[in-house]
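Structure first, commentary second.
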Amino acid sequence: MSRIPMIAGNWKMNTTVEDAVRLVTTMLPNLDKVSGIDKVVCPPFVSLAAVKEIIEGSTIKLGAQDVFYKEKGAFTGEISPGMLAGLCEYVIIGHSERRQYFGDNEEIIDMKIKAAMESMLKPIFCVGESLEENEAGRTEEVLTRQCMASCDRLYFFGGIVIAYEPVWAIGTGKSATSEQANKTIGFIRQLIRHRHSGEIADNVRILYGGSVTAANIAELMKMPEIDGALVGGASLKHDDFLSIAQQASEIRGVS
Ligand code: PEP
């Protein structure tokens, strides 16, 4: 079993098209050389085409930050899986900010994952407990609900990536410790092992997300359960994102 680690950058609602082009152009030469891991950037929808053109032929992969579950029709402002399919390989689904501000619940997330996979997009499916749930000792209960309600059967299709992102660690500068993240990701893998199979559990990539920086990535990557990181704030600084990817490659890159 060798799960290829992944470092994915979620640019969130940052960068104009011009900024995105500048950022990826600056990142490209050195990031392209980082081997043994998957490197993904997820700019806003409006910059996908421009970024795609720049990274064409490189080792950097492209992801979107969300997708709607219908293919076409009167859904003003939404973006369908088919629209993304020609542009990018990955799509973030179920990010806590979507859950918190845009009403993405388990049912909607399940529909988005299914629709994305039908269009051959690879979901980066986010799960994670809130501070309140964490402090109440409900982390495992919440993760069980999120993992099993959503995409229950979808591990079978392969290609799905899970990101464990405790809500209290996102954008707060307060990362989970590597031990905490390793233990919780181990719990998610066990859930999949019991619900599906050992083979699926051993092969599914589970990332950690929440205030990952160039200063804490090494500790996280040394943990056996953690297959990489979904990086928010630090992915907007090209030298930080490069350093995160380089350290992940040095510690866990596959040959
Ligand atoms: C995220 O947006 O998924 C994230 C983890 O953000 P940050 O790294 O800024 O905490």
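If I filter region 222-236 for residues that are away from the ligand (no atom under 14 Å from the Cβ), of a type outside the set (Asp, Glu) and within 13 Å of residue 177 (Cα to Cα), do I get at least one hit? Walk me through how you get there before you give the answer.
Restricting attention to region 222-236, the residues satisfying the condition of being away from the ligand (no atom under 14 Å from the Cβ) are 222-225, 227.
If we keep only those that are of a type outside the set (Asp, Glu) as well, we get 222-224.
Then drop every residue that is not within 13 Å of residue 177 (Cα to Cα), which leaves 222-223.
There is at least one residue in region 222-236 that is away from the ligand (no atom under 14 Å from the Cβ), of a type outside the set (Asp, Glu) and within 13 Å of residue 177 (Cα to Cα).
Could you say whether any residue in region 87-106 is over 27 Å from residue 248 (Cα atoms) and aliphatic (A, V, I, L, M)?
Among the residues of region 87-106, not one is over 27 Å from residue 248 (Cα atoms) and aliphatic (A, V, I, L, M), which makes the answer no.
Within region 211-252, how many residues turn out to be in contact with an Asp or Glu (Cβ under 9 Å, 6 or more places away or on another chain) and of a type in the set (Val, Ile, Thr)?
2
Would you kindly identify the helices (runs of 4 or more DSSP H) lying entirely within region 171-255 that contain at least 2 residues that are surrounded by fewer than 17 Cβ atoms within 10 Å (Cβ to Cβ) and of a type in the set (Lys, Arg)? Don't jump to the end; show me each part of the working.
Working: elements: 178-195, 198-203, 217-221, 238-252.
Answer list for region 171-255: 178-195.
Being over 16 Å from residue 244 (Cα atoms) and either free of Cβ contacts under 8 Å to residues at least 40 places away in the same chain or touching an Asp or Glu at 6+ places or on another chain (Cβ under 6 Å) (or both) is the filter here, so list the residues in region 1-27 that pass it.
1, 3, 13, 16, 17, 18, 19, 20, 21, 22, 25 - these are the residues of region 1-27 that are over 16 Å from residue 244 (Cα atoms) and either free of Cβ contacts under 8 Å to residues at least 40 places away in the same chain or touching an Asp or Glu at 6+ places or on another chain (Cβ under 6 Å) (or both).
Within the group 165, 179, which residue is at pLDDT 95 or above and touching a strand residue (DSSP E or B) at 6+ places or on another chain (Cβ under 9 Å)? I'd like the intermediate steps shown before the answer.
Details: 179 fails: touching a strand residue (DSSP E or B) at 6+ places or on another chain (Cβ under 9 Å).
Among 165, 179, only 165 is at pLDDT 95 or above and touching a strand residue (DSSP E or B) at 6+ places or on another chain (Cβ under 9 Å).
The values are calculated or read from the model by the stated rules, or taken from the named source; none is laboratory data. Remember, it's a predicted structure, so these values are computed and weren't measured experimentally. Cβ coordinates were reconstructed from backbone atoms using ideal geometry, including for glycine residues, and neighbour counts include every protein chain displayed.
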